[in-house]
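Engineer: Before anything else, here's the structure in question.
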Amino acid sequence: MKALIFDVDGTLADTEDAHRKAFNDAFVEFKLGWVWDSDLYKKLLKVTGGKQRIRFFLENHDPDFLQRADIDDLILSLHQTKTKYFIARLENGQVPLRPGIEDLIHEARAMGLTIAIATTTTPVNVRTLLTVNLGKDSLDWFACIGDGGVVPVLKPEPDVYNWVLDKLGLRPEEALALEDSRNGLISCVRASVPCLVVTNDYTADQDFSGCLAQWPNYEDVTVAKLEALCATIKL
């Protein structure tokens, strides 16, 4: 194991409820009358990418709305407004890192282990989450940050992992990915990257067949435990 590759939403932090509330804030601002509760949002999380999630919602709940001539511009504006509200929550300290994540990052760095990020979220979300919780210098801790702006196709396709591996100059089996969702796991499988799934409230009931292991949290997770887990891989 030469590198740890972290997903962001649901992995570094339990961001999903903050995203959900930010979507609802945007819907209020646009006077749309839509409300995404937790049960609905669990279903919508099957789709990666905020703009894609809005479109998926409309396809299943209000297909006539999609016929608007300005639908593409409206979805873009909705997503930009949602990002504004989400960033405000990050900056207000409402989205802390998951317990154990900061210790794991510091331990990995102290041991000289490469750390990187592979996510589908927007660059500003990644930057704000890291700087608010770990300080401005933390952006330099990661050898590379693959986000929703560097590849044309998001998870569950493998593009972002392939991009990160190329930047790191590593083979897939030399890295361990930390994910929380089935889409993230599928992306890893398609990129041949071993994947540890650490679930959260929104993803605990998803199917994680094919993962290296499935754990409920990051408490007491150490680099040594991750190395031991990788040692079980049959190449």
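The values are calculated or read from the model by the stated rules, or taken from the named source; none is laboratory data. It should be emphasised that the depicted structure is a prediction, and the values quoted were computed from it without experimental measurement. Cβ atoms come from the backbone with ideal geometry, glycine included; neighbour counts cover every protein chain shown.
Engineer: So, ASN133, is that one assigned by TED's automatic domain parsing to the domain that holds VAL8, in contact (Cβ under 8 Å) with a residue 12 or more places away in the chain and closer than 22 Å to ILE87 by Cβ or not?
Structural biologist: Judged against the criteria, ASN133 is a match.
Engineer: Moving on. So which residues in segment 43-66 are among the charged types (D, E, K, R), part of a helix (DSSP H, G or I) and under 21 Å from GLU16 (Cα atoms)?
Structural biologist: Within segment 43-66, LYS43, LYS51, ARG53, ARG55 qualify.
Engineer: Something else about it: Please count how many residues of segment 193-212 are farther than 18 Å from ASP14 by Cα and exposed (fewer than 15 other Cβ atoms within 10 Å of the Cβ). Quick ask: steps written out before the conclusion?
Structural biologist: Here is the first cut: in segment 193-212, the ones farther than 18 Å from ASP14 by Cα are 193-195, 207-212.
If we keep only those that are exposed (fewer than 15 other Cβ atoms within 10 Å of the Cβ) too, we end up with 207, 209-210.
Selection size over segment 193-212: 3.
Engineer: Working only within segment 85-104, note down all residues that are without any contact (Cβ under 8 Å) to a residue 40 or more places away in the chain and either under 18 Å from the mean Cα position of the chain (by Cα) or closer than 26 Å to ASN162 by Cβ (or both).
Structural biologist: The answer is GLU102, and nothing else.
Engineer: Kindly indicate which of VAL160, VAL124, VAL150 is crowded, with 19+ Cβ neighbours inside 10 Å and over 19 Å from VAL198 (Cα atoms). Full working, then the answer.
Structural biologist: On the way: VAL124 fails: crowded, with 19+ Cβ neighbours inside 10 Å; VAL150 fails: crowded, with 19+ Cβ neighbours inside 10 Å.
Checking each option against the conditions leaves just VAL160.
Engineer: With respect to the numbered conditions (1) surrounded by fewer than 18 Cβ atoms within 10 Å (Cβ to Cβ); (2) touching a strand residue (DSSP E or B) at 6+ places or on another chain (Cβ under 8 Å); (3) under 27 Å from LYS43 (Cβ atoms), which one is the sole condition not fulfilled by LEU129?
Structural biologist: (1)
Every residue, every condition in (1) farther than 17 Å from VAL8 by Cα; (2) in contact (Cβ under 8 Å) with a residue 60 or more places away in the chain, yes or no:
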site	(1), (2)
ASP159	no, no
ARG171	yes, no
LEU176	no, yes
GLU227	yes, yes
